[in-house]
1. Taking only Cα atoms, what is the 0 to 90° angle, nearest 10, from helix 277-287's long axis to the longest principal axis of the chain?
2. Provide the percentage of antiparallel DSSP beta bridges, counting only those with both residues in segment 3-209; round to the nearest 5.
3. With r as the distance between the Cβ atoms of A72 and D169 and R0 = 41 Å, compute the FRET efficiency 1/(1 + (r/R0)^6) and round to 0.05.
4. Between the helical axis of 229-239 and the dominant principal axis of the chain, each derived from Cα atoms, what acute angle in degrees is found, rounded to the nearest 10?
5. Most fluctuating residue of S215, S152, S240 in a GNM of the chain with Cα springs under 10 Å: which is it?
6. Quick one: if the Förster radius is 22 Å, what FRET efficiency do E325 and V346 give, using the C-beta to C-beta distance and rounding to 0.05?
7. Could you work out how much longer the chain between K145 and A94 gets when fully extended? Use 0.36 nm per residue separation minus the Cα distance between them, nm to one decimal.
8. Kirkwood hydrodynamic radius of segment 78-122 from all distinct Cα pairs, in Å?
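Every read-out reported here was derived from the displayed coordinates using simple, explicitly stated rules and does not represent laboratory data. Since the model is a prediction, treat every value here as computed from it, not as a measurement. Quick reminder, even Gly has a Cβ in these numbers, built from the backbone with ideal geometry, and neighbours come from all protein chains shown.
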Amino acid sequence: MKFSDIIGHSDLKRRLAAQIDAGRISHAQLFSGKSGYGTLPLALAYVQYLFCPNRHDGDSCGVCPQCQQVAALAHPDLHFVFPVNKREKKSGEAIISDMFIDMWRTLWSEKRGIFTAEEWYERLDLGKTMKGLITVKEAEEIIRKLQFKSFSSDYKAMIIWLPEAMNVDTANKLLKILEEPWDKTLFILVSERPDLLLQTITSRTQEIAISGIDSQTLESIALGEGRTQTEARNMARLASGSLLELQALMRGESDEARHQYFDLFCRLMRLSYNDKHLELMEWAEEMSTLTREGQRQFFLNAVRLLREAYMIHAGLGSISYLWGEEAEFCSKFAPFIGNQNIEILVQEIETAMVEIAQNGSPRIVFTHFALAVSKQINRLK
């Protein structure tokens, strides 16, 4: 994958290429950003540029054997690690990435490297509650593979997707090699939630924060799909820099889910306002039945709606991107979101998201969250 194949990020692509050209290649790098931003494809394009012997004009050639092997995810000096698991595994059975590499390549080819953890777990058929893991055995495999000399490139590269799926033992196993790597060995950790990584890991990496794709680029994509100027502009705004979200909006797939999350948000706020604690516990019970990704999406939508309500409260409704039922509800709800509680509410959401990501009991997490929200909403009654 060439840099030119990556949507958006023009300045970042130039900086990454310039670093390699100048020989400033950190042995451990942390590419952080949402999947929809194109974070994983950027990591692969970086490796392809590094491996390409004929790079020019800030990009790899795309036609040499090195480039073709990297693009096919089949270069002998490029290795991948990603969260894996399987249902009904045998006692003591070691599950590692190499067992699923063909499935990984297929999903990559279908999605051009832009897909979510949930999509990957669905491909693995893990069900609603089971998650992928990066185990100690995987860490041992990483060390074993990187001990060998490179085959055809000057460098060996290891791309670890979603390193936050590592447990403490796995992370500690990798610490020494991150501290004292073999010569010309490159680690790229591609993370959506770097805040969940051990500080001992992040302190040994150079972080490259991937921002969202700019609205103009997303708007152009929507226009190219036949959307009107107004539709394209609104979709680009709602996508929040994510190509995945833009694609879902254009397909209409997010409409039903967005309405569901909006309904859950409205019920939470109304029950909180009326101090309906028993009903709040029933709400928490319903939330616990959603998939982990569904719970995460609810929180992301809740943050968005709280932000918009706060903007209306602050007199900035003219730049709000709400319409329809969302605009109607948030206009009425805005008086109860102000300086006294907005930061606390957002912090409660962030805390709950971390607890869910760390496999906390959804029933307990959402019960505590709902009661905490009720307390904050009543501060402005």
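1. Tilt of helix 277-287: around 30 degrees.
2. 10
3. That gives a FRET efficiency of 0.80.
4. Taking the Cα atoms of the chain, the angle to 229-239 is about 80 degrees.
5. Taking springs between Cα atoms under 10 Å, the residue moving most is S152.
6. Result of the calculation: an efficiency of 0.45.
7. That works out to 16.7 nm of additional length.
8. 11.6
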